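Worksheet: one structure, shown below.
The numbers here are math on the coordinates, done by the rules we state, and not lab data. These numbers were taken from a predicted model, which means no experiment stands behind them. All Cβ positions, even for glycine, are placed from backbone atoms using ideal geometry, and neighbour counts span all protein chains on display.
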Amino acid sequence: MARARVVVVGAGLAGGAAALAARRAGAAVTILRGRAGASALGAGAYDLKAIGAASSAPLAPEITEFFEAARAPVVLADALVCSAFGALRPTRGRDQQALAIEPARQHLVPDLQVDGWDAHAIAASLDAELRARGGAGARIVRGVFLREREEMRLPLAELAARHDDDARVDWLADRLAESLAGDAPRAVVLLPAVVGTRPAAMARLRARLSRPVGEALGVPGGAATARFLAWTDRALEAADVVRADAEVTAIALDARARLTLADGSVVDADALVLATGGVLTGSLLYGSGEHELARELPELVRPSLRLFASIARPDGDEPISVWLDGAPLAAAGSLFGREGERFLLGDRPRLLSAGLAADASQRVLDRAGAPVAGLYVAGDLVAGAHRAALAAVHGGARAGRNAALD
Ligand SMILES: Cc1cc2nc3c(=O)[nH]c(=O)nc-3n(C[C@H](O)[C@H](O)[C@H](O)COP(=O)(O)OP(=O)(O)OC[C@H]3O[C@@H](n4cnc5c(N)ncnc54)[C@H](O)[C@@H]3O)c2cc1C
């Protein structure tokens, strides 16, 4: 018998986990990647439920399996991490480069003169937070940590890429060692997210300095993003998943799913996993600020709503629709009427929870609440789901596996 063909739409954490799980379950898998989504805006922290909330719930096996299978440079352990602005917060997993803060130790903050790294403000904030936890505090470290003046204005991801060169890491290690000569060997060094786009650079720096060293969380679009994109792509390639850069514009469901792509071509699937991200934050362009987002909201939201409104089923079947607060919105068309106004411009947290309704197997539910054969959903696109990285992985892995066995 021919292997089931699973198509995954969206290549964020949910789509990536779905594709790898469907492959492991024996399906032939194609993943269609649109633009960058929420996963590519990550700062290097992987949370289970709410972003930055402490949680002692055990990690589901699907989550650990995904990171192991992807050989992802991610440490899955509770830790306190430091934001790019000097605030401490708990996380369940972190980019391997991110520093696990230990309040009892002294922390040292080198004043790299780069955009987005205000060492004075970070050291002051960190010092206050560490002391409030009974810790040893933090202080700024002065020195020359850039090789060229123009690096002050370089995007942080580019500066990180320069540290993929061993000689450059050794140079930084020597400069740091000079500046830290009088500090206790147990004192910890906190850097901005610029030490390499691959884990080897940080490993080398740690070995050369012989003291704990790591990064604060990055800014969206920085080095953590570059690392995320690199390891997910490598994992999909190694698993033999067919990857295509394509935007899906319409979906027709019958015995099989038929997807129309933006260039007019057509892809068929035995089972389909929708992992297109949050209605507000996923299938959309990323607005650069609250103000701009509010101004552009209707335009930003429309493409994703159009896609769901376009999911056609054989005559007589209940349509697929966006759910909010546990009930489907009255009609897809009404999104642009009175209800649409409430939906688009109403209060933001409720809007964030809108999405497609799913059952425990991640199957999409139609307006009558019945599962739709062959159609699965995962990640931020699920109505009411936790908008957090590990939740996206968990749902994605289940959706992919179930789609392969459909
Ligand atoms: C700024 C920001 C910071 C965050 N920080 C944290 C954090 O610190 N910790 C944490 O745990 N979580 C954080 N999150 C939440 C976390 O990133 C998300 O929960 C998770 O990444 C969702 O993954 P996803 O795969 O569901 O969606 P996404 O990563 O958004 O992926 C969806 C993908 O589908 C693609 N797509 C959409 N429409 C189509 C189409 N029609 N055709 C083809 N492709 C399409 C999109 O382009 C996108 O690439 C943050 C989110 C944001 C926005």
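Assorted remarks:
- Dipole magnitude for segment 56-175: about 500 debye, using +1 per Lys or Arg Cβ and -1 per Asp or Glu Cβ, origin at the Cα centre.
- Each listed q (0.12, 0.18, 0.19 Å⁻¹) maps to a log10 I(q)/I(0) for segment 45-219, found by the Debye formula over equal Cα scatterers with no solvent: -0.54, -1.19, -1.31.
- Counting Lys and Arg as +1 and Asp and Glu as -1 over every other residue whose Cβ lies under 12 Å from the Cβ of GLY222, the net charge comes to -3.
- Whole-angstrom gap from segment 110-188 to segment 1-34, using each part's C-alpha centre: 41
- Taking amide H as placed 1.01 Å from N in the peptide plane, the amide H of ALA98 sits under 5 Å from that of GLU215, each at least 5 places away or on another chain.
- Around ALA184: net Lys/Arg minus Asp/Glu count, Cβ-Cβ under 11 Å: +2
- The Rg/Rh ratio of segment 76-122, with both radii computed over alpha carbons and Rh defined as the Kirkwood radius, is 0.97.
- Sum of side-chain charges, LYS49 neighbourhood, beta-carbon under 10 Å (Lys, Arg +1; Asp, Glu -1): +1
- Rounded to whole numbers, the Karplus 3J(HN,Hα) couplings from phi for segment 225-240 are 5, 4, 5, 4, 4, 5, 6, 5, 4, 4, 5, 5, 5, 4, 8, 6 Hz, using 6.51 cos²θ - 1.76 cosθ + 1.60 with θ = phi - 60°, and x at Gly and Pro.
- The mean sequence separation of alpha-carbon pairs under 8 Å and at least six residues apart, normalised by the residue count of segment 1-149, gives a relative contact order of 17 percent.
- Average Cα contact separation per residue, segment 77-120, under 8 Å, 6 or more apart, as relative contact order %: 33
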